[in-house]
């Protein structure tokens, strides 16, 4: 992926402005997900409304990914480097799930450690 356009945007606005924008877009993404999940869970919308809500999730996800990619470009983070950390975090979470780390009783005990 060509990162120059992302870096150009980051350099134009600056990292502080993009941090604020990231927070704003992240909140909008969470709102979109919450709305979509409500439609799916409670069945209060018709098929067209569900499609629109899903499209909004995808749109907001795109905004978040653009901003994340700006930071990837700024800090010259390679895919291998990122994958290494993501693989570790995924494996650790799956291991913890298997061990009951996140079970209600276990969470309190683990947080006290």
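If the Cβ limit is 6 Å and pairs must be 6+ apart or interchain, which residue in region 19-33 that is farther than 18 Å from residue 69 by Cα pairs with which residue that is surrounded by 16 or more Cβ atoms within 10 Å (Cβ to Cβ) and modelled with pLDDT of 95 or more?
Note: pairs meeting the criteria are 32/56; 32/57; 32/60; 33/57.
Could you tell me which residue of region 83-110 is modelled with the lowest pLDDT, considering only residues that are assigned to a helix (DSSP H, G or I) and over 24 Å from the mean Cα position of the chain (by Cα)?
For region 83-110, the residue satisfying everything is 106.
Kindly check whether there is at least one residue in region 56-73 that is surrounded by fewer than 17 Cβ atoms within 10 Å (Cβ to Cβ) and either over 16 Å from the mean Cα position of the chain (by Cα) or not assigned by TED's automatic domain parsing to the domain that holds residue 16 (or both).
Looking for residues that are surrounded by fewer than 17 Cβ atoms within 10 Å (Cβ to Cβ) and either over 16 Å from the mean Cα position of the chain (by Cα) or not assigned by TED's automatic domain parsing to the domain that holds residue 16 (or both), one finds none in region 56-73, hence no.
When region 9-25 is examined, which residues are found to be buried (at least 17 other Cβ atoms within 10 Å of the Cβ) and either touching a strand residue (DSSP E or B) at 6+ places or on another chain (Cβ under 8 Å) or over 18 Å from residue 75 (Cα atoms) (or both)?
Result: 25, single match.
Report yes if residue 32 is at pLDDT 95 or above and surrounded by 12 or more Cβ atoms within 10 Å (Cβ to Cβ), otherwise no.
Considered against the rule, which asks whether it is at pLDDT 95 or above and surrounded by 12 or more Cβ atoms within 10 Å (Cβ to Cβ), residue 32 comes out as yes.
The values are calculated or read from the model by the stated rules, or taken from the named source; none is laboratory data. If you're wondering where the values come from, they're calculated on a predicted model, not measured in any experiment. For neighbour counting, all protein chains shown are included, and Cβ atoms are generated from backbone atoms with ideal geometry for every residue, glycine included.
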